[in-house]
1. When you look at residue 366, is it surrounded by fewer than 19 Cβ atoms within 10 Å (Cβ to Cβ) and not polar (S, T, N, Q), yes or no?
2. Quick check: anything in region 201-223 closer than 19 Å to residue 332 by Cα and loosely packed, with under 15 Cβ neighbours inside 10 Å?
3. Which numbered condition trips up residue 263, out of (1) surrounded by 12 or more Cβ atoms within 10 Å (Cβ to Cβ); (2) free of Cβ contacts under 8 Å to residues at least 24 places away in the same chain; (3) within 29 Å of residue 366 (Cα to Cα)?
4. Would you mind telling me which numbered condition in (1) out of contact with any Leu (no Cβ under 7 Å at 6 or more places or on another chain); (2) surrounded by fewer than 23 Cβ atoms within 10 Å (Cβ to Cβ) residue 410 fails?
5. For a quick check of your reading: which strands (runs of 3 or more DSSP E) sit entirely within region 53-128 and have at least 3 residues that are touching a helix residue (DSSP H, G or I) at 6+ places or on another chain (Cβ under 7 Å)?
6. Please pick out the residue among 216, 324 that is in the same structural domain as residue 164 (by TED's automatic domain parsing) and farther than 30 Å from residue 158 by Cβ.
7. Taking region 343-363 as the region of interest, how many residues are within 26 Å of residue 235 (Cα to Cα) and surrounded by 16 or more Cβ atoms within 10 Å (Cβ to Cβ)?
8. Could you go through region 415-427 and let me know if any residue there is closer than 23 Å to residue 351 by Cβ and within 14 Å of the chain's Cα centre (by Cα).
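The values are calculated or read from the model by the stated rules, or taken from the named source; none is laboratory data. Just so we're clear, the structure is a prediction, and the values are computed from it rather than from any experiment. We place every Cβ from the backbone using ideal geometry, glycine too, and count neighbours over all the protein chains shown.
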Amino acid sequence: MIKSSRAFSIDGRSFSFEVPIESALPIGAYVQLTAENGREFLGQVLDERVGQATGAGFDDWVQGRGNLLAELEGSGSVALDGSAAFGAAQLHPADSHMVAAHLDASLGSGVGLELGTVQGSPGVPARLHARGFGRHTFLCGQSGSGKTYTLGILLERLLLDTDITIVVADPNSDFVNIATMRPAAETGLDRATYGEVAARYGDVASRIHVFGGEASPNRLSVRFGRLTPEQQTKVLGIDPIADPEIYNAFVRTVAGLHEGDYGIGDVIRATRASFADDQRRLGLRIENLGVEQLSVWAGDADPMGKVLPDDARMIVLDLGALGSDRESNIAAAALLGHLWAQRHEREPTIIVIDEAHNVCPQQPTGPNQELATEHLIRIAGEGRKFGLYLLLATQRPDKVHPNVVSQCDNVILMKVNSAADIASLSQTFSYAPEALVAQAAGFGLGEGFAAGKIAPDPLLFRSGRRLTFEGGSDVPSTWATRSGP
């Protein structure tokens, strides 16, 4: 018990407290409150400030507030009914068993995705509610915060503990090895547990499909004729208003090709075979732009969408293996356009966009990036009713299009130094306590908090160990080591 602590609740849902400064409680900490009438409650500290005491025999105090989470009865707890108001209570740090029981009870019959451990509660698993990912999620952390590593843990748990399909746009090749488990010693699991997990993950891994560059067994490629008419013209830089003659020539040219099976080379050959001046100018335009030389085209091989099996659990598009940002933008826009076109199949799918500021920026820099952004805005606004759920990850929250970010009902926040970013995040995700958002500047590697539909209350976590190997890596810093005597 904290000596001389005082707490009260006037609404039966929240509480205010005052404690000596030397007994200050971390923001986000779980506490036990014992009222004078003997009733006991579990609460969470959400805000604090330091001031001068008005009594109680000490000069400096910490005053704060928090939410009541449950009433404790015997070895269990019951939901609050609004009758929990009290005028005086003593404050205790909640023990780990109490916190674990509360978090387990919050899951109900749902699945918990173990991300790591709860900060301040040793040994208590930090589990996110799987059903919460039926809403859009925003994961943010600066470079070096452990964001990508933590995202890898989350994807592993979604694969192991749910049946949902996952599609990953992977610009830095970070998830190309997600089908390969680490040795037991690197996972922190005992031999028996590792064997059980490896058996389950082996089944999942057989349904993970990674599409990469030209040297990859599964090549990331699209067929020009399978793109939407809108994207075809954006690839060629043709606008129906600004370029009416060339646009009309394009429409006439592709009308004579076999639907869906033609490539960009077929379009060029058709323009060369024409005697119409506008069609020949169209062909010259395509050649001058160098569109045919882009490595993203399927050529004579089957395009990615045609070879994908129906039972795939995860599809990873290794955008980093493509030769240019232009090709990455074409592939990303094609993927999002395909998912939106198939929305009426209502297949629950989590769409993971890593480095989201490069796919849906506030100010797109090219027609295909603009199209990808439009698709994501549409999915953010309407995708949930079709089973399309976004999981956006970025180190530059200020650069992601606001019409996408504002639709996210979940946030996972890791270390963020920028005061401007912290202020913006606090305003955007108003359901996350402002004081917790402000603490992001002090998070260490792998530390963060989750709020929204994925957590019963704002959940401070420390990431655990990954089961699989990371793909991308930083440039070695051997240049900074001493090379001589």
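1. Yes, satisfied.
2. Scanning region 201-223 turns up at least one residue that is closer than 19 Å to residue 332 by Cα and loosely packed, with under 15 Cβ neighbours inside 10 Å.
3. (2)
4. (2)
5. Fully inside region 53-128 and qualifying: 60-73, 112-118.
6. Of the residues listed, the single one that is in the same structural domain as residue 164 (by TED's automatic domain parsing) and farther than 30 Å from residue 158 by Cβ is 324.
7. Here the count works out to 12.
8. Among the residues of region 415-427, not one is closer than 23 Å to residue 351 by Cβ and within 14 Å of the chain's Cα centre (by Cα), which makes the answer no.
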